[in-house]
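Everything on this sheet refers to the single structure shown next.
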Amino acid sequence: MNLLAIESATNLVGAAVVAGDHGVERSHQGGRRHAESLIPAVEEVCALAGLTLPDLDAVAVDVGPGLFTGLRVGVATAKALAQGLGLGVLGVGSLDVLAAGAREAAAAEADAPGATTVVSVVDARRGEVFVARYEFGTGADGTDADADPDAARASGPELLTPEALAASLAGIDPGAGGRLVVVGDGAVRYLDRFMGVGRADLALAEHVSSPSPLTLARLASRRLAAGGSTVPPTAVVPDYRREADARINWEQRTPPTPTDPPAP
């Protein structure tokens with residue numbers, strides 16, 4: 001299967017193609033140039049994979065939660081491409097992609113048993129973070145990197161303050177020999193709040209700070225191979241998890257409309 005993955009939930013924007021056992025990705029970090037950067041990334045990964053758009057069999061997209069504008073650009077692009085090519089779309093959550101990336105990174109470490117508990121943290125701005133917690137078992141070799149985060153999710157997604165998340169981390173016990181790995185750009189932004197909290201391991205936070213397009217592509221491919229299915233492009237909806245900042249700002253500046261007095 002030739003699958004195109006589109007990633008734009010955070011400040012990182014990019015695309016990846018998985019064709020059989022091979023995968024390529026291109027991404028750009030920083031700023032909010034999602035609309036300008038995404039299509040060139042799609043064109044580049046298709047060229048690197050030796051494919052044209054009609055060679056694709058499916059499209060996957062990160063549906064969030066994450067940045068409102070980034071999600072809107074990524075989902076709209078995925079839907080437009082899929083609609084034009086007559087393909088289905090598989091939506092994957094940003095926190096799942098981060099958890100899968102943490103598992104891949106942990107499995108690649110020398111003598112690392114793999115993370116038992118992963119907490120994915122996406123910066124939601126306004127002093128809040130999107131959070132989900134995953135409880136992974138480990139295979140016989142301790143490198144169960146292919147476990148699907150959807151089946152391992154223990155809580156979330158939820159919207160928390162960094163202080164509330166720190167209190168939650170302090171109460172998590174990953175068990176004897178286990179690790180409590182915290183990843184995502186929300187963990188990086190509020191690193192000082194989480195350092196020294198309980199058994200939180202922040203060593204991978206910088207390395208897995210944003211959902212990776214290639215990790216998204218691999219996870220989506222595994223889900224489809226395991227019997228998952230795509231949906232029509234019109235059925236894909238971003239998980240914004242709250243109103244856009246512009247609307248929140250407007251509502252905060254606009255006084256409430258007085259209600260009419262009850263009729264006698």
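Any read-out appearing in this document is the output of simple, stated calculations on the displayed coordinates, not a laboratory observation. Computed from a predicted model, the values in this text were never measured in an experiment. Ideal geometry is used to build each Cβ from the backbone, glycine not excepted, and the neighbour counts take in all protein chains shown.
The slack between His22 and Val237, meaning 0.36 nm per residue of separation minus the straight C-alpha distance, is 74.5 nm. Residue-wise HN-Hα couplings along the range 41-58, as the Karplus relation 6.51 cos²θ - 1.76 cosθ + 1.60 with θ = phi - 60° gives them from phi, are 5, 4, 4, 5, 5, 5, 5, 5, 7, x, 10, 10, 4, x, 7, 6, 10, 7 Hz; Gly and Pro carry x.
Placing R0 at 22 angstrom, the Cβ-Cβ distance between Arg199 and Asp150 gives a FRET efficiency of 0.35 after rounding to 0.05. By the beta-carbon count within 10 Å of each Cβ, the least crowded to most crowded order of Ile6, Ile39, fewest first, is Ile39, Ile6. With neighbours defined as other Cβ atoms within 10 Å of a residue's Cβ, the residues Glu44, Glu36, Glu104 order from fewest to most as Glu36, Glu44, Glu104. The Ala225 and Ala176 beta-carbon pair, evaluated with R₀ = 35 Å, returns a calculated FRET efficiency of approximately 0.55. If both residues of a DSSP beta bridge must be in the range 95-201, then about 70% of such bridges are antiparallel. Between Glu44 and Arg125, the FRET efficiency from the beta-carbon distance, with R0 = 35 Å, is close to 0.75.
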